Amino acid sequence: MIDYFFAQYKDYSTLMVSLELIAIFFGLASVWFAKKDNILVFPTGLVSTSIYAYLLWQWELLGDSMINVYYFVMSLYGWYHWTRKKGDEVEFPISRTTNKDKTYGLFIFVCTIIFVIVVYLYFGKFTTWYSYVDTLLTAIFFVGMWLMAKRKIENWIFWIIGDCISIPLYFAKGYTFTSLQYFIFTIIAFYGYLEWKKILDKTQKQELQK
């Protein structure tokens, strides 16, 4: 059983395996902090995404690598966005998407798919079935990360969908540790949505009482 799940690592250097485990640790920490609506989601995410961007590039998984480069940039934006305040109050608390947000989200989704298709065609990467899945998955995660940086509760829906797709996808690619990480991500994302909803409902109730 162990050989079946982890045989692909026998040819990996100790450094590469260690980097993947470090990236997983910080990735899990980042999602946990996101669940708690804690600003540490961004510094921990920066560590994880920078390592994964490097590893995935080495593994020639361009779509996955691009996702993590985008995560890195959006983590910097989100870190700034979450810390903005009006007086003593957070300027952008947890909220729901507006029609404008949905329009931007759709725009990001479509543009991402077009961009990934162009990149994959240029590098000749449409050689396996999961290359096509990568195209859709990249778009889902791009929108999810943007919504999280904007502190929109719907970001969790995109994470849950993307994580559920990633579990079998990374296992099929031969990255068992990362597949297990996305399984844990799915569970945390589900509870993250519930926790953010609780915070949002409480905030809205307080505003009605003012």
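FYI, it's all coordinate maths here, none of it is from the lab. All figures in this text were calculated on a predicted structure; none of them were measured in a lab. Note that we place each Cβ from the backbone using ideal geometry, even for glycine, and neighbour counts take in every protein chain shown.
Which of LYS35/LYS125; LYS85/LYS197; LYS36/LYS202; LYS85/LYS150 have a Cα-Cα distance over 25 Å?
Over 25 Å apart, Cα to Cα: LYS35/LYS125.
Name the residue from PHE42, LEU194, SER13 whose Cα lies farthest towards the positive end of the charge dipole of the range 11-209, charges +1 on Cβ of Lys and Arg and -1 on Cβ of Asp and Glu.
Farthest towards the positive end: LEU194.
Using a simple charge model, +1 on the beta-carbon of Lys and Arg, -1 on the beta-carbon of Asp and Glu, nothing else, what dipole does the chain show about its Cα centre, in debye to the nearest 20?
Magnitude of the dipole: close to 800 debye.
So what's the gap between the Cα centers of the range 115-187 and the range 67-103, to the nearest angstrom?
Distance between centres, Cα-based: 21 Å.
With the Cα gyration tensor of the range 57-147 giving a ≥ b ≥ c as the square roots of its eigenvalues, does the rule (a/c under 1.5 for rounded; else a/b larger than b/c for prolate; else oblate) give rounded, prolate or oblate?
Taking the square roots of the gyration eigenvalues as a ≥ b ≥ c, the range 57-147 is prolate.
Do you know the relative contact order of the chain, to the nearest whole percent, from alpha carbon pairs under 8 angstrom that are 6+ apart?
This gives 22 percent for the chain.
May I have the pair-distance distribution P(r) for the range 93-135, computed from all Cα-Cα distances with 10 Å bins from 0 and rounded to whole percent?
It works out to 26, 35, 22, 15, 1, in whole percents.
Take peptides 174-182, 139-147 and line them up by average Cβ neighbours within 10 Å, highest first, as a rough protection proxy.
139-147, 174-182
Can you tell me the Rg and the Dmax, both Å, for the Cα atoms in the range 11-209?
Over the range 11-209's Cα set, Rg and Dmax evaluate to 17.1, 62 Å.
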